[in-house]
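What follows is one structure encoded as structure tokens, with my remarks underneath.
The values are calculated or read from the model by the stated rules, or taken from the named source; none is laboratory data. Because the structure is a prediction, the values reported are computed rather than measured. Counting neighbours? That spans all protein chains shown, and the Cβs are built from the backbone with ideal geometry, glycine included. Areas reflect the complete protein model, heavy atoms only, side chains present, ligands, DNA and RNA absent. Shrake-Rupley method; radii C 1.70, N 1.55, O 1.52, S 1.80 Å.
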Amino acid sequence: MRKIDENVIGNKAMPWWKEEIYGTELMGMRLLRRKSIKEMSKVTGEEVWYLKMIEKDNNIPVPPPLAGKYMQYLSCNMHHVHQFRQIVDGKSKTFNDGRSIGAKLRKQVYEKCNNKCVRCGSAENLHIHHIVEFSKGGRTELDNLELLCASCHAEEHKDNRAYNLLKKQAEKNKDGSG
């Protein structure tokens, strides 16, 4: 059984402290990972009856430490939570666990975008971008993917951690060293 790192669980920067997570979402992640409620009881230190009660409730947010234990043990993140919300709200029927883009899908994205950045038209240093961010439940499928050059991609992500990395890559390519 995988060990839970209590320092991670208590870290207020983790997503389960920043955003409310509900029991039905935890149940969905547990079922996705094919784990029993008894196993989760051992992992979390909570009684089975309590976890069953929590997992049925979609009105009261789960206490962050418990949500964190589920998410850490099940190797799930907010992407999974957002997708469960889309399914429950009837906006999606399927679950997409990964962000990997296979060769066939990659080719389709390039064709859809005419082999150029959809923002500025550049054909240099193209990246495939999730229109609805993967971390917010965006799916890795043709309708949610587009081509952006490194500079436009950096601008698209200027409000998150990926920005500095993307901007650095764009600047490196402009000066010819990349």
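Which one of VAL81, VAL109 is more than 24 Å from CYS152 (Cβ to Cβ), among the β-branched types (Val, Ile, Thr) and modelled with pLDDT under 95? Selected residue: VAL81, the only one of VAL81, VAL109 that is more than 24 Å from CYS152 (Cβ to Cβ), among the β-branched types (Val, Ile, Thr) and modelled with pLDDT under 95.
Filter the stretch 30-83 for residues that are open to solvent by 30 Å² or more (accessible area, probe 1.4 Å) and either in contact (Cβ under 8 Å) with a residue 60 or more places away in the chain or within 20 Å of LYS136 (Cα to Cα) (or both) and give the result. Give the derivation first.
Here is the first cut: in the stretch 30-83, the residues open to solvent by 30 Å² or more (accessible area, probe 1.4 Å) are 31-36, 38-39, 42, 45-50, 52-53, 56-61, 63-65, 69, 72, 75, 77, 82.
Passing the criteria: LEU32, ARG33, ASN58, PRO61, PRO64, LYS69, GLN72, SER75, ASN77, HIS82.
Regarding GLU20, is this residue within 18 Å of PHE84 (Cα to Cα), touching a residue at least 12 places away in the same chain (Cβ under 8 Å), touching a strand residue (DSSP E or B) at 6+ places or on another chain (Cβ under 6 Å) and of a type in the set (Asp, Glu)? It is true that GLU20 is within 18 Å of PHE84 (Cα to Cα), touching a residue at least 12 places away in the same chain (Cβ under 8 Å), touching a strand residue (DSSP E or B) at 6+ places or on another chain (Cβ under 6 Å) and of a type in the set (Asp, Glu).
Only residues that are under 22 Å from CYS76 (Cβ atoms) and either assigned to a helix (DSSP H, G or I) or of a type in the set (Gly, Ala, Ser) (or both): list them for the stretch 103-145, please.
The initial filter retains those residues of the stretch 103-145 that are under 22 Å from CYS76 (Cβ atoms), namely 130, 132-141, 144.
Within the stretch 103-145, PHE134, SER135, LYS136, GLY137, GLY138, ASN144 qualify.
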